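The values are calculated or read from the model by the stated rules, or taken from the named source; none is laboratory data. Because the structure is predicted, anything quoted here is derived from the model rather than measured. Heads up, the Cβs are rebuilt from the backbone with ideal geometry, glycines too, and the neighbour counts pull from every protein chain shown. Calculation scope for accessible area: heavy atoms of the full protein, side chains included, ligands and nucleic acids excluded. Shrake-Rupley method; radii C 1.70, N 1.55, O 1.52, S 1.80 Å.
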Amino acid sequence: MSEDAVLVRRCLKRDPVAVRSLIERFQSEVFGLCVRILGNRHDAEDVSQEVFLRIFRSLHKWDRQRPLRPWIMGITVNRCRTWLTQRAKRPELMEFIQETAENRPQDDFGELTREIAAAVNELRADYRAAFVMFHEQGLPYEEIAEAMAHPVGTIKTWLHRARTAMLTRLRERGMVPDDVVEPVPNLETKPKSGR
Amino acid sequence: MSNEIRSSFCPEFQEALQRFLDGEAGALGPACEDHRAKCASCHDDYLAAVRLARGLQLRGKPDSPTGLTERLVAAVMADAIEPSARGATRRILEVLAVAACLLLVIALGLRFAPAPNRETPNPSPIAEVPGTAPMTLQKSFADAGSAVASLTRRTADETIEPARKLLTAAADSPALKADPIPDMMDPANQSLTRIREGAASGFQPVANSARRAVSLFLRDLPLDGERKPGL
(Lines give C-alpha, C1' and ligand atoms only; values in the text may rest on other atoms or scores of the structure.)
Protein backbone atom coordinates (compact mmCIF):
# COMPACT_ATOMS: atom_id res chain seq x y z
CA MET A 1 0.00 0.00 0.00
CA SER A 2 1.39 3.40 -0.96
CA GLU A 3 2.29 6.08 1.52
CA ASP A 4 -0.64 8.16 0.29
CA ALA A 5 -3.04 5.27 0.81
CA VAL A 6 -1.83 4.70 4.37
CA LEU A 7 -2.22 8.36 5.18
CA VAL A 8 -5.68 8.50 3.66
CA ARG A 9 -6.79 5.41 5.56
CA ARG A 10 -5.73 6.99 8.83
CA CYS A 11 -7.46 10.23 7.87
CA LEU A 12 -10.67 8.34 7.17
CA LYS A 13 -10.52 7.10 10.76
CA ARG A 14 -10.23 10.75 11.80
CA ASP A 15 -6.80 10.25 13.29
CA PRO A 16 -5.90 13.85 14.27
CA VAL A 17 -2.20 13.27 13.63
CA ALA A 18 -2.91 12.01 10.12
CA VAL A 19 -5.31 14.87 9.43
CA ARG A 20 -2.67 17.38 10.45
CA SER A 21 -0.04 15.53 8.45
CA LEU A 22 -2.10 15.63 5.27
CA ILE A 23 -2.90 19.31 5.72
CA GLU A 24 0.71 20.21 6.38
CA ARG A 25 1.82 18.25 3.36
CA PHE A 26 -0.45 19.96 0.86
CA GLN A 27 -1.30 23.27 2.49
CA SER A 28 1.49 25.22 0.84
CA GLU A 29 0.65 23.99 -2.65
CA VAL A 30 -3.07 24.48 -2.22
CA PHE A 31 -2.70 27.98 -0.80
CA GLY A 32 -0.08 28.92 -3.40
CA LEU A 33 -2.28 27.80 -6.27
CA CYS A 34 -5.28 29.63 -4.78
CA VAL A 35 -3.28 32.86 -4.45
CA ARG A 36 -2.07 32.66 -8.03
CA ILE A 37 -5.46 31.83 -9.52
CA LEU A 38 -7.50 34.22 -7.38
CA GLY A 39 -4.90 36.99 -7.10
CA ASN A 40 -5.99 37.73 -3.57
CA ARG A 41 -4.60 36.30 -0.34
CA HIS A 42 -7.79 36.70 1.71
CA ASP A 43 -9.85 34.88 -0.88
CA ALA A 44 -7.11 32.29 -1.17
CA GLU A 45 -7.28 31.60 2.56
CA ASP A 46 -11.06 31.16 2.46
CA VAL A 47 -10.89 28.91 -0.58
CA SER A 48 -8.06 26.86 0.94
CA GLN A 49 -10.31 26.09 3.89
CA GLU A 50 -13.14 25.10 1.56
CA VAL A 51 -10.73 22.92 -0.38
CA PHE A 52 -9.58 21.00 2.68
CA LEU A 53 -13.12 20.55 3.96
CA ARG A 54 -14.07 19.14 0.57
CA ILE A 55 -11.00 16.93 0.49
CA PHE A 56 -11.80 15.32 3.83
CA ARG A 57 -15.49 14.95 3.01
CA SER A 58 -14.74 13.12 -0.21
CA LEU A 59 -11.57 11.32 0.80
CA HIS A 60 -13.42 8.00 0.60
CA LYS A 61 -13.93 8.62 -3.13
CA TRP A 62 -10.23 8.92 -3.87
CA ASP A 63 -8.95 6.15 -6.15
CA ARG A 64 -6.01 4.47 -4.42
CA GLN A 65 -4.54 3.52 -7.76
CA ARG A 66 -3.96 7.17 -8.61
CA PRO A 67 -1.62 9.68 -7.01
CA LEU A 68 -3.11 11.90 -4.34
CA ARG A 69 -1.58 15.22 -5.35
CA PRO A 70 -3.33 15.75 -8.71
CA TRP A 71 -6.63 14.78 -7.09
CA ILE A 72 -6.13 17.45 -4.46
CA MET A 73 -4.98 20.01 -7.00
CA GLY A 74 -8.03 19.20 -9.10
CA ILE A 75 -10.31 19.99 -6.17
CA THR A 76 -8.37 23.20 -5.64
CA VAL A 77 -8.76 24.28 -9.26
CA ASN A 78 -12.48 23.51 -9.18
CA ARG A 79 -13.06 25.48 -5.99
CA CYS A 80 -11.11 28.42 -7.41
CA ARG A 81 -13.20 28.31 -10.58
CA THR A 82 -16.39 28.34 -8.52
CA TRP A 83 -15.08 31.20 -6.42
CA LEU A 84 -14.15 33.22 -9.48
CA THR A 85 -17.62 32.70 -10.91
CA GLN A 86 -19.23 33.81 -7.66
CA ARG A 87 -16.91 36.78 -7.36
CA ALA A 88 -17.75 37.90 -10.87
CA LYS A 89 -21.43 37.98 -9.90
CA ARG A 90 -20.88 40.27 -6.93
CA PRO A 91 -18.78 43.18 -8.13
CA GLU A 92 -17.10 44.88 -5.24
CA LEU A 93 -13.93 46.70 -4.53
CA MET A 94 -11.30 44.00 -4.31
CA GLU A 95 -7.81 44.48 -3.12
CA PHE A 96 -5.57 42.36 -5.28
CA ILE A 97 -2.34 41.64 -3.56
CA GLN A 98 0.26 40.30 -5.90
CA GLU A 99 3.27 40.54 -3.66
CA THR A 100 3.34 42.04 -0.20
CA ALA A 101 6.03 44.60 0.43
CA GLU A 102 8.08 42.28 2.57
CA ASN A 103 7.86 39.50 -0.01
CA ARG A 104 8.94 41.72 -2.85
CA PRO A 105 12.44 40.92 -4.08
CA GLN A 106 14.75 43.79 -3.33
CA ASP A 107 17.24 43.14 -6.13
CA ASP A 108 17.18 44.43 -9.69
CA PHE A 109 14.68 41.83 -10.69
CA GLY A 110 11.89 43.24 -8.53
CA GLU A 111 10.28 44.94 -11.47
CA LEU A 112 10.57 41.81 -13.56
CA THR A 113 8.81 39.66 -10.98
CA ARG A 114 6.05 42.23 -10.63
CA GLU A 115 5.57 42.28 -14.39
CA ILE A 116 5.43 38.50 -14.43
CA ALA A 117 2.88 38.53 -11.61
CA ALA A 118 0.74 41.00 -13.53
CA ALA A 119 1.09 38.98 -16.71
CA VAL A 120 0.06 35.78 -14.92
CA ASN A 121 -2.96 37.60 -13.54
CA GLU A 122 -4.05 38.61 -17.02
CA LEU A 123 -4.08 35.05 -18.28
CA ARG A 124 -7.31 33.14 -18.65
CA ALA A 125 -8.07 31.21 -15.46
CA ASP A 126 -7.41 27.80 -17.06
CA TYR A 127 -4.15 28.93 -18.61
CA ARG A 128 -3.14 30.54 -15.33
CA ALA A 129 -3.79 27.36 -13.35
CA ALA A 130 -1.80 25.25 -15.80
CA PHE A 131 1.03 27.78 -15.89
CA VAL A 132 1.28 28.02 -12.10
CA MET A 133 1.10 24.27 -11.60
CA PHE A 134 3.87 23.71 -14.12
CA HIS A 135 6.24 26.59 -13.46
CA GLU A 136 5.73 27.20 -9.74
CA GLN A 137 4.68 23.88 -8.34
CA GLY A 138 6.63 21.66 -10.69
CA LEU A 139 3.79 19.32 -11.58
CA PRO A 140 4.36 17.24 -14.72
CA TYR A 141 1.98 17.48 -17.64
CA GLU A 142 0.20 14.24 -16.72
CA GLU A 143 -0.63 15.41 -13.22
CA ILE A 144 -1.81 18.80 -14.46
CA ALA A 145 -3.98 17.04 -17.02
CA GLU A 146 -5.47 14.84 -14.32
CA ALA A 147 -6.03 17.77 -11.98
CA MET A 148 -7.73 19.84 -14.65
CA ALA A 149 -9.59 16.92 -16.23
CA HIS A 150 -8.26 17.64 -19.71
CA PRO A 151 -5.99 15.70 -22.06
CA VAL A 152 -2.25 16.26 -21.89
CA GLY A 153 -2.33 17.78 -25.39
CA THR A 154 -4.78 20.43 -24.24
CA ILE A 155 -2.61 21.29 -21.26
CA LYS A 156 0.43 21.65 -23.53
CA THR A 157 -1.54 23.94 -25.81
CA TRP A 158 -2.70 26.07 -22.89
CA LEU A 159 0.80 26.34 -21.54
CA HIS A 160 2.15 27.25 -24.96
CA ARG A 161 -0.42 30.02 -25.34
CA ALA A 162 0.16 31.27 -21.81
CA ARG A 163 3.90 31.53 -22.39
CA THR A 164 3.44 33.23 -25.74
CA ALA A 165 1.14 35.80 -24.16
CA MET A 166 3.63 36.41 -21.37
CA LEU A 167 6.57 36.78 -23.75
CA THR A 168 4.58 39.28 -25.78
CA ARG A 169 3.72 41.25 -22.68
CA LEU A 170 7.30 41.28 -21.43
CA ARG A 171 8.45 42.62 -24.79
CA GLU A 172 5.69 45.24 -24.90
CA ARG A 173 6.54 46.41 -21.41
CA GLY A 174 10.19 46.85 -22.28
CA MET A 175 11.33 44.10 -19.94
CA VAL A 176 13.48 42.39 -22.53
CA PRO A 177 17.07 43.63 -22.94
CA ASP A 178 18.64 44.20 -26.32
CA ASP A 179 20.93 41.27 -25.79
CA VAL A 180 21.56 38.55 -23.24
CA VAL A 181 22.97 40.31 -20.19
CA GLU A 182 22.38 37.51 -17.73
CA PRO A 183 23.23 33.84 -17.64
CA VAL A 184 20.68 31.57 -19.27
CA PRO A 185 18.78 29.99 -16.36
CA ASN A 186 18.97 26.28 -15.93
CA LEU A 187 15.42 25.04 -16.10
CA GLU A 188 16.30 21.38 -15.81
CA THR A 189 15.11 21.26 -12.21
CA LYS A 190 11.55 21.26 -13.56
CA PRO A 191 9.58 18.04 -13.67
CA LYS A 192 10.86 15.49 -16.09
CA SER A 193 7.87 13.28 -16.69
CA GLY A 194 5.31 14.07 -19.27
CA ARG A 195 7.71 15.54 -21.73
CA MET B 1 17.04 38.40 -42.11
CA SER B 2 14.73 37.47 -44.89
CA ASN B 3 11.10 36.43 -45.03
CA GLU B 4 12.18 33.11 -46.50
CA ILE B 5 14.17 32.30 -43.38
CA ARG B 6 11.23 33.30 -41.14
CA SER B 7 8.74 31.10 -42.92
CA SER B 8 10.99 28.06 -43.11
CA PHE B 9 12.44 27.77 -39.63
CA CYS B 10 10.53 30.10 -37.29
CA PRO B 11 7.86 27.54 -36.29
CA GLU B 12 10.55 25.01 -35.54
CA PHE B 13 12.43 27.57 -33.48
CA GLN B 14 9.27 28.43 -31.53
CA GLU B 15 8.74 24.75 -30.73
CA ALA B 16 12.33 24.51 -29.55
CA LEU B 17 11.78 27.60 -27.41
CA GLN B 18 8.78 25.92 -25.76
CA ARG B 19 10.90 22.85 -25.04
CA PHE B 20 13.53 25.15 -23.58
CA LEU B 21 10.88 26.61 -21.23
CA ASP B 22 9.79 23.07 -20.45
CA GLY B 23 13.28 22.56 -19.10
CA GLU B 24 14.52 20.25 -21.82
CA ALA B 25 18.32 20.22 -21.99
CA GLY B 26 19.75 21.15 -25.37
CA ALA B 27 16.40 22.17 -26.77
CA LEU B 28 17.99 25.06 -28.64
CA GLY B 29 20.57 23.30 -30.75
CA PRO B 30 23.07 24.73 -33.24
CA ALA B 31 20.40 25.10 -35.92
CA CYS B 32 18.36 27.27 -33.58
CA GLU B 33 21.41 29.33 -32.72
CA ASP B 34 22.09 29.89 -36.41
CA HIS B 35 18.49 30.88 -36.99
CA ARG B 36 18.52 33.26 -34.03
CA ALA B 37 21.49 35.06 -35.44
CA LYS B 38 19.57 35.73 -38.64
CA CYS B 39 15.97 36.24 -37.40
CA ALA B 40 15.42 39.31 -35.23
CA SER B 41 11.93 38.27 -34.18
CA CYS B 42 13.01 34.85 -32.94
CA HIS B 43 16.03 36.44 -31.28
CA ASP B 44 13.68 38.75 -29.35
CA ASP B 45 11.53 35.79 -28.41
CA TYR B 46 14.60 33.99 -27.14
CA LEU B 47 15.64 36.98 -25.00
CA ALA B 48 12.12 37.28 -23.62
CA ALA B 49 12.07 33.56 -22.82
CA VAL B 50 15.37 33.81 -20.95
CA ARG B 51 13.98 36.80 -19.06
CA LEU B 52 10.76 34.97 -18.24
CA ALA B 53 12.64 31.91 -17.02
CA ARG B 54 14.85 34.07 -14.83
CA GLY B 55 11.85 35.91 -13.40
CA LEU B 56 10.05 32.67 -12.63
CA GLN B 57 13.09 31.40 -10.76
CA LEU B 58 13.19 34.58 -8.68
CA ARG B 59 9.49 34.78 -8.06
CA GLY B 60 9.10 31.93 -5.61
CA LYS B 61 5.90 30.69 -4.00
CA PRO B 62 3.54 32.73 -1.85
CA ASP B 63 4.05 32.33 1.89
CA SER B 64 1.20 30.75 3.80
CA PRO B 65 -0.39 33.03 6.41
CA THR B 66 0.58 32.49 10.03
CA GLY B 67 -1.61 29.96 11.78
CA LEU B 68 -3.25 28.70 8.62
CA THR B 69 -2.44 25.09 9.47
CA GLU B 70 -4.10 25.39 12.88
CA ARG B 71 -7.20 26.95 11.38
CA LEU B 72 -7.46 24.28 8.73
CA VAL B 73 -7.01 21.44 11.21
CA ALA B 74 -9.63 22.95 13.52
CA ALA B 75 -12.08 23.42 10.65
CA VAL B 76 -11.63 19.88 9.38
CA MET B 77 -11.94 18.30 12.82
CA ALA B 78 -15.05 20.37 13.58
CA ASP B 79 -16.55 19.36 10.27
CA ALA B 80 -15.97 15.71 11.10
CA ILE B 81 -18.45 15.94 13.98
CA GLU B 82 -21.29 17.18 11.82
CA PRO B 83 -21.89 14.39 9.29
CA SER B 84 -24.47 12.66 11.51
CA ALA B 85 -26.51 15.85 11.66
CA ARG B 86 -26.10 16.31 7.93
CA GLY B 87 -27.25 12.73 7.42
CA ALA B 88 -30.42 13.25 9.46
CA THR B 89 -31.25 16.39 7.54
CA ARG B 90 -30.61 14.59 4.29
CA ARG B 91 -32.97 11.76 5.29
CA ILE B 92 -35.73 14.23 6.10
CA LEU B 93 -35.17 16.01 2.81
CA GLU B 94 -35.27 12.70 0.97
CA VAL B 95 -38.63 11.82 2.51
CA LEU B 96 -40.00 15.24 1.65
CA ALA B 97 -38.66 15.00 -1.88
CA VAL B 98 -40.28 11.59 -2.38
CA ALA B 99 -43.59 12.93 -1.09
CA ALA B 100 -43.38 15.98 -3.33
CA CYS B 101 -42.56 13.85 -6.37
CA LEU B 102 -45.45 11.56 -5.61
CA LEU B 103 -47.87 14.46 -5.38
CA LEU B 104 -46.48 15.97 -8.57
CA VAL B 105 -46.87 12.75 -10.49
CA ILE B 106 -50.42 12.31 -9.29
CA ALA B 107 -51.31 15.91 -10.04
CA LEU B 108 -49.85 15.70 -13.54
CA GLY B 109 -51.60 12.42 -14.10
CA LEU B 110 -54.92 13.92 -13.12
CA ARG B 111 -54.29 17.01 -15.19
CA PHE B 112 -53.50 15.27 -18.43
CA ALA B 113 -55.46 12.05 -18.08
CA PRO B 114 -58.59 11.89 -20.25
CA ALA B 115 -61.67 12.55 -18.15
CA PRO B 116 -64.48 9.99 -18.21
CA ASN B 117 -67.10 10.84 -20.82
CA ARG B 118 -70.24 11.32 -18.81
CA GLU B 119 -72.52 13.01 -21.33
CA THR B 120 -71.70 11.29 -24.58
CA PRO B 121 -74.13 8.53 -25.17
CA ASN B 122 -71.78 6.60 -27.43
CA PRO B 123 -69.71 4.23 -25.39
CA SER B 124 -65.97 4.12 -25.83
CA PRO B 125 -64.83 1.71 -28.51
CA ILE B 126 -62.33 0.30 -26.05
CA ALA B 127 -64.17 -2.16 -23.93
CA GLU B 128 -63.57 -1.93 -20.24
CA VAL B 129 -62.09 -4.90 -18.57
CA PRO B 130 -64.85 -6.59 -16.65
CA GLY B 131 -64.51 -6.28 -12.94
CA THR B 132 -62.32 -3.14 -12.96
CA ALA B 133 -64.10 0.09 -12.30
CA PRO B 134 -62.74 3.27 -13.91
CA MET B 135 -60.72 5.34 -11.50
CA THR B 136 -62.56 8.47 -10.51
CA LEU B 137 -61.01 11.76 -9.53
CA GLN B 138 -62.06 11.41 -5.93
CA LYS B 139 -60.61 7.93 -5.76
CA SER B 140 -57.33 9.16 -7.18
CA PHE B 141 -57.17 11.89 -4.60
CA ALA B 142 -58.03 9.45 -1.89
CA ASP B 143 -55.26 7.15 -3.05
CA ALA B 144 -52.79 10.02 -3.15
CA GLY B 145 -53.83 11.15 0.29
CA SER B 146 -53.51 7.69 1.73
CA ALA B 147 -50.10 7.24 0.12
CA VAL B 148 -48.81 10.48 1.60
CA ALA B 149 -50.37 9.66 4.94
CA SER B 150 -48.78 6.23 5.04
CA LEU B 151 -45.42 7.67 4.06
CA THR B 152 -45.64 10.29 6.76
CA ARG B 153 -46.87 7.72 9.29
CA ARG B 154 -43.99 5.41 8.53
CA THR B 155 -41.46 8.23 8.96
CA ALA B 156 -43.11 9.32 12.17
CA ASP B 157 -43.18 5.75 13.48
CA GLU B 158 -39.47 5.36 12.82
CA THR B 159 -38.83 8.54 14.73
CA ILE B 160 -41.12 7.78 17.64
CA GLU B 161 -40.26 4.10 18.02
CA PRO B 162 -37.12 4.58 20.19
CA ALA B 163 -38.98 6.92 22.53
CA ARG B 164 -41.87 4.47 22.73
CA LYS B 165 -39.56 1.63 23.68
CA LEU B 166 -37.91 3.82 26.27
CA LEU B 167 -41.27 4.73 27.81
CA THR B 168 -42.36 1.09 27.83
CA ALA B 169 -39.16 0.09 29.55
CA ALA B 170 -39.54 2.90 32.03
CA ALA B 171 -43.14 1.95 32.75
CA ASP B 172 -42.08 -1.63 33.49
CA SER B 173 -39.38 -0.45 35.82
CA PRO B 174 -40.02 -1.66 39.41
CA ALA B 175 -38.76 1.62 40.74
CA LEU B 176 -41.48 3.50 38.96
CA LYS B 177 -44.12 1.00 40.01
CA ALA B 178 -43.12 1.32 43.60
CA ASP B 179 -42.90 5.07 43.50
CA PRO B 180 -45.09 6.54 40.77
CA ILE B 181 -44.21 9.90 39.37
CA PRO B 182 -45.35 12.50 41.82
CA ASP B 183 -47.59 15.40 41.09
CA MET B 184 -44.66 17.58 40.21
CA MET B 185 -44.98 16.28 36.66
CA ASP B 186 -48.44 17.80 36.36
CA PRO B 187 -47.37 21.32 35.42
CA ALA B 188 -45.20 19.99 32.64
CA ASN B 189 -47.98 17.70 31.54
CA GLN B 190 -50.37 20.60 31.43
CA SER B 191 -47.89 22.63 29.43
CA LEU B 192 -47.58 19.89 26.89
CA THR B 193 -51.35 19.60 26.67
CA ARG B 194 -51.60 23.33 26.07
CA ILE B 195 -48.92 23.14 23.39
CA ARG B 196 -50.79 20.33 21.67
CA GLU B 197 -54.04 22.28 21.75
CA GLY B 198 -52.28 25.39 20.51
CA ALA B 199 -50.69 23.49 17.66
CA ALA B 200 -54.00 21.92 16.72
CA SER B 201 -55.76 25.26 16.68
CA GLY B 202 -52.87 26.76 14.77
CA PHE B 203 -52.96 24.12 12.07
CA GLN B 204 -56.73 24.29 11.76
CA PRO B 205 -56.79 27.32 9.39
CA VAL B 206 -54.06 25.76 7.29
CA ALA B 207 -55.97 22.52 7.01
CA ASN B 208 -59.13 24.41 6.13
CA SER B 209 -57.31 26.40 3.48
CA ALA B 210 -55.83 23.27 1.98
CA ARG B 211 -59.25 21.64 1.91
CA ARG B 212 -60.74 24.67 0.19
CA ALA B 213 -57.89 24.72 -2.32
CA VAL B 214 -58.47 21.09 -3.22
CA SER B 215 -62.20 21.74 -3.58
CA LEU B 216 -61.56 24.69 -5.86
CA PHE B 217 -59.13 22.64 -7.89
CA LEU B 218 -61.65 19.87 -8.30
CA ARG B 219 -64.34 22.33 -9.27
CA ASP B 220 -62.15 23.94 -11.90
CA LEU B 221 -61.15 20.68 -13.53
CA PRO B 222 -62.56 20.62 -17.06
CA LEU B 223 -65.20 18.07 -17.75
CA ASP B 224 -65.68 16.41 -21.14
CA GLY B 225 -66.13 18.88 -23.93
CA GLU B 226 -64.88 21.73 -21.81
CA ARG B 227 -61.21 21.10 -22.45
CA LYS B 228 -59.27 24.16 -23.35
CA PRO B 229 -57.64 24.11 -26.75
CA GLY B 230 -54.07 23.01 -26.69
CA LEU B 231 -54.36 21.19 -23.35
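Within 10 Å of each Cβ in peptide B:67-79, how many partner chain Cβ atoms are there on average? Round it to a whole number, please. Working shown, then result.
Working: counts 0, 9, 5, 2, 5, 16, 8, 1, 7, 13, 5, 1, 6.
That average works out to 6.
For the A and B pair, go ahead and give the buried accessible area with a 1.4 Å probe, both sides summed, in Å² to 100. Mind dumping the intermediate values first?
Details: alone 11920 and 18770 Å², together 25850 Å².
Using a 1.4 Å probe, the pair buries roughly 4800 Å².
Largest first, how would A:Glu29, A:Glu111 line up by accessible area (1.4 Å probe)? Mind dumping the intermediate values first?
Numbers: A:Glu29 30, A:Glu111 105 Å².
Output order, biggest surface exposure first: A:Glu111, A:Glu29.
Please give the average number of partner chain Cβ atoms lying within 10 Å of the Cβ of each residue in B:199-211, rounded to a whole number. List each step's numbers first, then the result.
Values: counts 0, 0, 0, 0, 0, 0, 0, 0, 0, 0, 0, 0, 0.
Per residue, the average neighbour count from other chains is 0.
Shielding by partners for B:40-49, please: the mean number of other protein chain Cβ atoms within 10 Å of each residue's Cβ.
Details: counts 0, 0, 0, 3, 5, 5, 4, 11, 12, 8.
Partner-chain Cβ atoms within 10 Å, mean over residues of B:40-49: 5.
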